[in-house]
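Undergrad: Here's a structure for you.
The values are calculated or read from the model by the stated rules, or taken from the named source; none is laboratory data. This one's a predicted model, so the numbers in the text were calculated from it and none came from an experiment. Positions of Cβ are generated from backbone atoms using ideal geometry, with glycine treated the same way; all protein chains shown enter the neighbour counts. Just the protein is used for accessible areas: all its heavy atoms, side chains included, with ligands, DNA and RNA removed. Shrake-Rupley method; radii C 1.70, N 1.55, O 1.52, S 1.80 Å.
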Amino acid sequence: MLRLLWPAGLIPVAIWLAALTLGADQPAASLMFSALLLALCAAVLAAPGSRLTGLGALWLAGALALFLVGLVRGWASTGAGEYASLTAGAGIFIAAQTAGRQPERARALWMLILALGAGLGLAAFIDFFIDPDTVFGHRRTFGFNRLSAPFLSANTAASFYGMIALMALADLLRALRKEGRIDARIQRLALPVSALLVCASCLLLSGSRAGVSLFMVAALLLLGWDRAAAWRRRLGEAPEATKLQRSASRGWRRLVGPGLLIAAALLVFGVSGGLYIDRIEHRGLMVDNDARSVMFARYLDGVWLAPLFGAGLGGFEFINDFLATGDHGRVLTSQNAAHNVIFQWLLQTGILGASAALGVLLLTLSRLRQGLTRRRRQRLLLRTILVIAVFVFAHGMVDYALEIPALFWLFAILLGLGVGIADAGRSRQSASNLPVFAKPVGVTILLISACVCVYIGLDRNAAVRITRLSDSAFSAHYSDPDDLSGSAIRLEAIGDRALRLDPLDPALARAAFFASLDRESRNGKVWAKAAYANYLIIPIIAGETENALRQSYYLTPYAERGFIEWRLGFMATIWPGLPEDLRSAAEREARILPPADAQQWRERVSAQALED
């Protein structure tokens, strides 16, 4: 088993480690795990017997093309984490496709993923009952009393455990078909039954209405498809063989199998189904003033702001802030994703990028479908991966699970494994028409991408370290406003830290903020910070300060609560010198505060005006 899993088996282990860091959702974690995965994928592709196929090259070329567009447009720094996770996903697809061409290796990798999923599900189940308000020790800020471990979002957990539960269901169907002694049958059933019970329980405890409902539909689809395939197979068998097979297995397959599934379903629903029942009685996903209906209406308008290329990966924050209006400001500014995979891609990559991504996905699914018509072995695995793809994409229409790197990587490894299984047995020439140098070029690209991820990841970690430096250590490293370098994120961190020095260093902060804006000019929050630093140097609302404030409100008319309170506090302090358009912008922003806080701000503004 270990021989079959080396080195491809390290990839799912790395994905599971990424899942334990809240899905590697933070840019620094995404970059570091992407670097690790890209290096592992390069090792798999470089191994003797591996080859790069046209479809794998298309995945990699698509990710690199999006990165190059971002690089040309100046978006690469802000969206580094997302570009890295997408490139790592392409590498994972290639490595899994390589492993999937060998049936024994594909089976070993499938079982490893299932075992890891069951283990993580058991840990999450225990963690939830110890303290429902934490995720492996991390205090959650939303989605209380819903299982979300190892992620922050319960809906992401629903997608994750739904995928593993469908894998377990497929393995259970496979185990029920096999003949043999009763002890051998029990051993074969142990892992799929335990994985199905644990992961289905976690899915129900997530309370995800769409996730649970879509899983039920997907499970029924898989069961129905499997039964239909078995019926067609029996029709094609010789009558004598069919008679012998039925006499040997009728009791076991027809009684134990359905009975086991029904008992498992009743047990899981009885233990964990209460939360789902309670939440399904609430309002639906798309009625009245539900947040998603408001968001989708605004995002549909937002697509036409940059229809061809979008705002770049990582640019959702900027376009989301820009789209916020007074009526829906609270709804939009609290979102970190579009909750719809199509809108997410249209907003970030435009019609061109979203169409290309959809085309690659459809081509991948078409290869899986072709494998079903050609292959005689492991057809159940191909059917399961197709059903999982339908489940994940359907849930992605109302949630953002595919935006979480660890879950996207799990999806990529399953798709790659499926295409590898579909390609198994094909000749080298029919499986890939790429020239012989394609493989070393692919390995080189993966390794270079890993190095780039490490470099950018170190820059992001440096930004975090800057915020933790003492005053003396910070001043020793960053005292010259003319000697600043790094990404927009790192420069913003330098500016923030300069404003926390004792005494403040507004000149350094101003230089850092404007240097950050030179690299990423769409950040309305940094424009406000630059205006504040400039005002500390020259306490007059004119020229550079006024223009920076105006740009801040243009790009980010509303934002999350903490930033709103800070910016409105600054505006109240300088109220007498503000022009009329900036006063109107601040008053509109104050309307989305709770009534008591808005009234308190207005009283502060009035007091400031009287003092003047």
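Undergrad: Between Leu214, Leu196, Leu166, which is within 30 Å of Ala24 (Cα to Cα) and at pLDDT 95 or above?
TA: Matching residue, one of Leu214, Leu196, Leu166: Leu166.
Undergrad: Any chance segment 125-140 includes a residue that's modelled with pLDDT of 90 or more, surrounded by fewer than 17 Cβ atoms within 10 Å (Cβ to Cβ) and not acidic (Asp, Glu)?
TA: Checking segment 125-140: at least one residue is modelled with pLDDT of 90 or more, surrounded by fewer than 17 Cβ atoms within 10 Å (Cβ to Cβ) and not acidic (Asp, Glu).
Undergrad: For segment 312-331, state whether one or more residues are part of a helix (DSSP H, G or I), touching a residue at least 12 places away in the same chain (Cβ under 8 Å), within 16 Å of the chain's Cα centre (by Cα) and farther than 22 Å from Ile94 by Cα.
TA: Yes - at least one qualifying residue is present in segment 312-331.
Undergrad: So, one more: Say we look at segment 158-188 and pick out the residues that are among the small types (Gly, Ala, Ser) and part of a helix (DSSP H, G or I); which of these is farthest from the chain's Cα centre (by Cα)? Let's see the steps before the verdict.
TA: First pass over segment 158-188, keeping only residues among the small types (Gly, Ala, Ser): 158-159, 162, 165, 168, 170, 175, 180, 184.
When the remaining residues are screened for being part of a helix (DSSP H, G or I), the result is 158-159, 162, 165, 168, 170, 175, 184.
Details: Ala158: 13, Ser159: 11, Gly162: 15, Ala165: 19, Ala168: 23, Ala170: 25, Ala175: 32, Ala184: 39 Å.
Top of the filtered list is Ala184.
Undergrad: Any chance you could count how many residues in segment 482-496 are among the β-branched types (Val, Ile, Thr) and part of a loop (DSSP other than H, G, I, E, B)?
TA: Of the residues in that region, 0 qualify.
Undergrad: Filter segment 560-574 for residues that are outside any helix (DSSP H, G or I) and either without any contact (Cβ under 8 Å) to a residue 40 or more places away in the chain or crowded, with 24+ Cβ neighbours inside 10 Å (or both) and give the result.
TA: Of everything in segment 560-574, just one residue is outside any helix (DSSP H, G or I) and either without any contact (Cβ under 8 Å) to a residue 40 or more places away in the chain or crowded, with 24+ Cβ neighbours inside 10 Å (or both), namely Ile574.
Undergrad: State whether the residues of segment 516-527 include one that is among the basic types (Lys, Arg), assigned to a helix (DSSP H, G or I), surrounded by fewer than 24 Cβ atoms within 10 Å (Cβ to Cβ) and in contact (Cβ under 8 Å) with a residue 24 or more places away in the chain.
TA: yes
Undergrad: Name the one entry in Arg550, Arg591, Arg602 that is basic (Lys, Arg), open to solvent by 20 Å² or more (accessible area, probe 1.4 Å), touching a residue at least 40 places away in the same chain (Cβ under 8 Å) and out of contact with any strand residue (DSSP E or B) (no Cβ under 9 Å at 6 or more places or on another chain). Working first, answer last.
TA: Details: Arg550 fails: touching a residue at least 40 places away in the same chain (Cβ under 8 Å); Arg602 fails: touching a residue at least 40 places away in the same chain (Cβ under 8 Å).
Exactly one residue qualifies, and that residue is Arg591.
Undergrad: Here's something else I'd like to know. What is the residue count in segment 575-588 for residues that are open to solvent by 20 Å² or more (accessible area, probe 1.4 Å) and more than 16 Å from Ala542 (Cβ to Cβ)?
TA: The number of residues fulfilling the criteria is 3.
Undergrad: Pairs only if they're at least six apart or on different chains, beta carbon under 6 angstrom, first in segment 454-483 and on the phi < 0 side of the Ramachandran plot and surrounded by fewer than 17 Cβ atoms within 10 Å (Cβ to Cβ), second of a type in the set (A, V, I, L, M, F, W, C) and not in a helix (DSSP H, G or I); list them, first residue then second.
TA: Asp471/Leu501
Undergrad: Would you check which residues across segment 323-340 are open to solvent by less than 20 Å² (accessible area, probe 1.4 Å) and hydrophobic (A, V, I, L, M, F, W, C) and list them?
TA: Across segment 323-340, the qualifying residues are Leu323, Ala324, Leu332, Ala337, Ala338.
To keep it simple, each residue is scored yes or no on (1) buried (at least 21 other Cβ atoms within 10 Å of the Cβ); (2) under 30 Å from Ala559 (Cα atoms); (3) in contact with a His (Cβ under 6 Å, 6 or more places away or on another chain).
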| site | (1), (2), (3) |
| --- | --- |
| Asp321 | yes, yes, no |
| Ile342 | no, yes, no |
| Gln348 | yes, yes, no |
| Thr364 | yes, no, no |
| Leu372 | no, no, no |
| Arg375 | no, no, no |
| Val392 | yes, no, no |
| Ile404 | yes, yes, no |
| Leu410 | yes, no, no |
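Undergrad: Which residue is farthest from Leu368 (Cα to Cα), if the candidates are limited to segment 8-20 and must be open to solvent by 10 Å² or more (accessible area, probe 1.4 Å) and without any contact (Cβ under 8 Å) to a residue 60 or more places away in the chain?
TA: Here the answer is Leu17.
Undergrad: Looking at this structure, is Leu152 of a type in the set (A, V, I, L, M), assigned to a loop (DSSP other than H, G, I, E, B), open to solvent by 40 Å² or more (accessible area, probe 1.4 Å) and touching a residue at least 24 places away in the same chain (Cβ under 8 Å)? Explain how you work it out, then say what you get.
TA: Details: of a type in the set (A, V, I, L, M): yes; assigned to a loop (DSSP other than H, G, I, E, B): yes; open to solvent by 40 Å² or more (accessible area, probe 1.4 Å): yes; touching a residue at least 24 places away in the same chain (Cβ under 8 Å): yes.
Answer is yes for this residue.
Undergrad: Out of all the residues in segment 341-353, is one or more small (Gly, Ala, Ser), over 19 Å from the mean Cα position of the chain (by Cα) and over 30 Å from Arg107 (Cβ atoms)?
TA: Within segment 341-353 (the criterion being small (Gly, Ala, Ser), over 19 Å from the mean Cα position of the chain (by Cα) and over 30 Å from Arg107 (Cβ atoms)), the answer is no, since none of the residues qualifies.
Undergrad: Then there is this: Here are some residues: Leu197, Leu221. Which one is out of contact with any His (no Cβ under 6 Å at 6 or more places or on another chain), within 25 Å of Val398 (Cα to Cα) and either part of a helix (DSSP H, G or I) or touching a residue at least 60 places away in the same chain (Cβ under 8 Å) (or both)?
TA: It is Leu221.
Undergrad: In addition: What helices (runs of 4 or more DSSP H) lie completely within segment 1-84 and have 2 or more residues being modelled with pLDDT of 90 or more and over 23 Å from Gly353 (Cβ atoms)? I'd like the intermediate steps shown before the answer.
TA: Details: elements: 2-5, 10-19, 27-46, 54-73.
Those helices (runs of 4 or more DSSP H) span 10-19, 27-46.
Undergrad: Let me ask something else about it. Given the structure, is Arg3 closer than 18 Å to Leu417 by Cα and in contact (Cβ under 8 Å) with a residue 24 or more places away in the chain? Give the derivation first.
TA: On the way: closer than 18 Å to Leu417 by Cα: yes; in contact (Cβ under 8 Å) with a residue 24 or more places away in the chain: no.
Considered against the rule, which asks whether it is closer than 18 Å to Leu417 by Cα and in contact (Cβ under 8 Å) with a residue 24 or more places away in the chain, Arg3 comes out as no.
Undergrad: What pairs come up if the first residue lies in segment 348-362 and is more than 15 Å from Leu60 (Cα to Cα) and in a helix (DSSP H, G or I), the second is open to solvent by less than 20 Å² (accessible area, probe 1.4 Å) and modelled with pLDDT under 95, and their beta carbons are under 6 Å apart, counting only those six or more places apart or on different chains?
TA: Between residues of segment 348-362 that are more than 15 Å from Leu60 (Cα to Cα) and in a helix (DSSP H, G or I) and residues that are open to solvent by less than 20 Å² (accessible area, probe 1.4 Å) and modelled with pLDDT under 95, the close pairs are Gln348/Gly310; Gln348/Ala311; Gln348/Leu313; Gln348/Gly315; Gln348/Phe316; Thr349/Gly310; Gly350/Gly310.
Undergrad: In segment 324-341, is there at least one residue being at pLDDT 90 or above and either on the phi < 0 side of the Ramachandran plot or touching a Leu at 6+ places or on another chain (Cβ under 7 Å) (or both)?
TA: The answer is yes; a qualifying residue exists.
Undergrad: Give the residue that is nearest to Gly442 (Cα to Cα), with candidates limited to residues of segment 39-51 that are touching a Ser or Thr at 6+ places or on another chain (Cβ under 7 Å) and hydrophobic (A, V, I, L, M, F, W, C). Steps first, answer last, please.
TA: Narrowing segment 39-51 to residues touching a Ser or Thr at 6+ places or on another chain (Cβ under 7 Å): 44-45, 50-51.
Subset that is hydrophobic (A, V, I, L, M, F, W, C): 44-45.
Values: Val44: 11, Leu45: 8 Å.
Top of the filtered list is Leu45.
Undergrad: Between residues in segment 46-64 that are more than 9 Å from Gln97 (Cβ to Cβ) and without any contact (Cβ under 8 Å) to a residue 60 or more places away in the chain and residues that are surrounded by fewer than 18 Cβ atoms within 10 Å (Cβ to Cβ) and polar (S, T, N, Q), which pairs lie under 9 Å by C-beta distance while being six or more apart or on different chains?
TA: Gly49/Gln102
Undergrad: Let me ask something else about it. Applying the selection to segment 433-445, what residues are assigned to a helix (DSSP H, G or I) and either open to solvent by less than 20 Å² (accessible area, probe 1.4 Å) or of a type in the set (A, V, I, L, M) (or both)? Break it down stepwise before answering.
TA: In the first step, residues of segment 433-445 are kept if they are assigned to a helix (DSSP H, G or I); the result is 438-445.
Listed by number, the residues that qualify are Ala438, Val441, Gly442, Val443, Ile445.
Undergrad: Here's a follow-up. Going by the conditions given, is Ile448 open to solvent by less than 10 Å² (accessible area, probe 1.4 Å) and β-branched (Val, Ile, Thr)?
TA: Criteria not met by Ile448.
Undergrad: At pLDDT 90 or above, in contact with a Ser or Thr (Cβ under 7 Å, 6 or more places away or on another chain) and basic (Lys, Arg): which single residue out of Arg497, Arg468 fits that description? Give the derivation first.
TA: On the way: Arg468 fails: in contact with a Ser or Thr (Cβ under 7 Å, 6 or more places away or on another chain).
Arg497 is the lone residue from the list that is at pLDDT 90 or above, in contact with a Ser or Thr (Cβ under 7 Å, 6 or more places away or on another chain) and basic (Lys, Arg).
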